[in-house]
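What follows is a short report on a single structure.
Please treat every number below as a calculation from the coordinates, not as lab data. Treat the numbers as computed from the prediction; the structure is a model and nothing was measured. Because the Cβ atoms are built from the backbone with ideal geometry, glycine has one as well, and the counts that use them run over all protein chains shown.
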Amino acid sequence: MNSYEKWIEEEIKWIGIYCSKMRRQALCVVAPSILGGTALLLGVLQLIGSENVEDFVNGVLGGFMIGALICGIYLLVLLPGLNPRRYGKKIDRSVRDLSLNEMEKEQLAQEMLAADEEHRISYVLQGPGSKGTPGRFVLTEHYALLEGSSPYAILIRLSDIAEIRRGEEKKMAEERRAKSKTVYWFTLYTIGFYRKDRFQRNLTQKDLPDEAFGFFRQDIRDQVMNLLAESGIWIE
């Protein structure tokens, strides 16, 4: 196993802890709650309608069947997305987007594996749709990697970047419940990366950044900015 394969395996193990937790919660908490809730609900409704114990039992069995169908659909949608190797492929895709050759991929992996705790920031996403997903920023001599965002993995080659800017964006999110929908605003704290070849691509500094990190918390964004200051890239 080369350094690149070893690094990807380490990343899979890291996100695998979260995936295992979510699978256990789905199988041991959510699914039984759905089964028990639908069975009890239909049983009680049948009992209220007829006051017959036999009808109550039939209602429970019918509710159990409906609950099993709901659970099947729920797990069918959820579990494939909790495969840790799916996240490993996303990291590999971010590497391929930089068109690194084999030697560069090995250098990247070696730097990521050797990164000390002073150059890693770990946190938990706490915002719309985050579901407590772990996030992590890693800075090495030549690269910066953000995991847990959208897209899941954003890899920056520092030598491509001319300028880094911090910013803030107002975003709207929806929170849906059984019979209601709540719309609210939140602030996304950003870090924008501007590549050196923007002029050749007919882009100015007023255009959107080439890549961007987004954070729900300002303090996490500022910690990442403090680390990026070590890269020597111009920060505005």
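Results, tabulated for the structure shown:
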read-out: Selected residue (criterion: nearest to Leu98 (Cα to Cα)) from residues of the stretch 171-180 that are touching a strand residue (DSSP E or B) at 6+ places or on another chain (Cβ under 6 Å) and not hydrophobic (A, V, I, L, M, F, W, C); value: Lys171
read-out: Residue match in the stretch 118-136 (condition: surrounded by fewer than 16 Cβ atoms within 10 Å (Cβ to Cβ), part of a strand (DSSP E or B) and β-branched (Val, Ile, Thr)); value: yes
read-out: Every pair of residues 6+ apart whose Cβ atoms lie under 9 Å, when the first sits in the stretch 81-102 and is among the small types (Gly, Ala, Ser) while the second is surrounded by fewer than 17 Cβ atoms within 10 Å (Cβ to Cβ); value: Gly88/Glu9; Ser94/Pro151
read-out: Filter result for Glu147 (closer than 22 Å to Met112 by Cα, over 21 Å from the mean Cα position of the chain (by Cα) and surrounded by 11 or more Cβ atoms within 10 Å (Cβ to Cβ)); value: no
read-out: Sole residue being more than 23 Å from Pro209 (Cβ to Cβ) and either touching a strand residue (DSSP E or B) at 6+ places or on another chain (Cβ under 8 Å) or among the small types (Gly, Ala, Ser) (or both), chosen from Arg120, Arg166, Arg157, Arg93; value: Arg120
read-out: Matching residues in the stretch 155-206 - criterion: being of a type in the set (S, T, N, Q) and within 19 Å of the chain's Cα centre (by Cα); value: Thr187, Thr190
read-out: Enumeration of residues in the stretch 178-226 that are of a type outside the set (Lys, Arg), outside any strand (DSSP E or B), surrounded by fewer than 18 Cβ atoms within 10 Å (Cβ to Cβ) and out of contact with any Lys or Arg (no Cβ under 9 Å at 6 or more places or on another chain); value: Ala178, Ser180, Asp197, Phe199, Gln200, Asn202, Leu208, Gln218, Asp219, Gln223, Asn226
read-out: Check on Asn202, on the phi > 0 side of the Ramachandran plot, free of Cβ contacts under 8 Å to residues at least 24 places away in the same chain and of a type outside the set (Phe, Trp, Tyr); value: yes
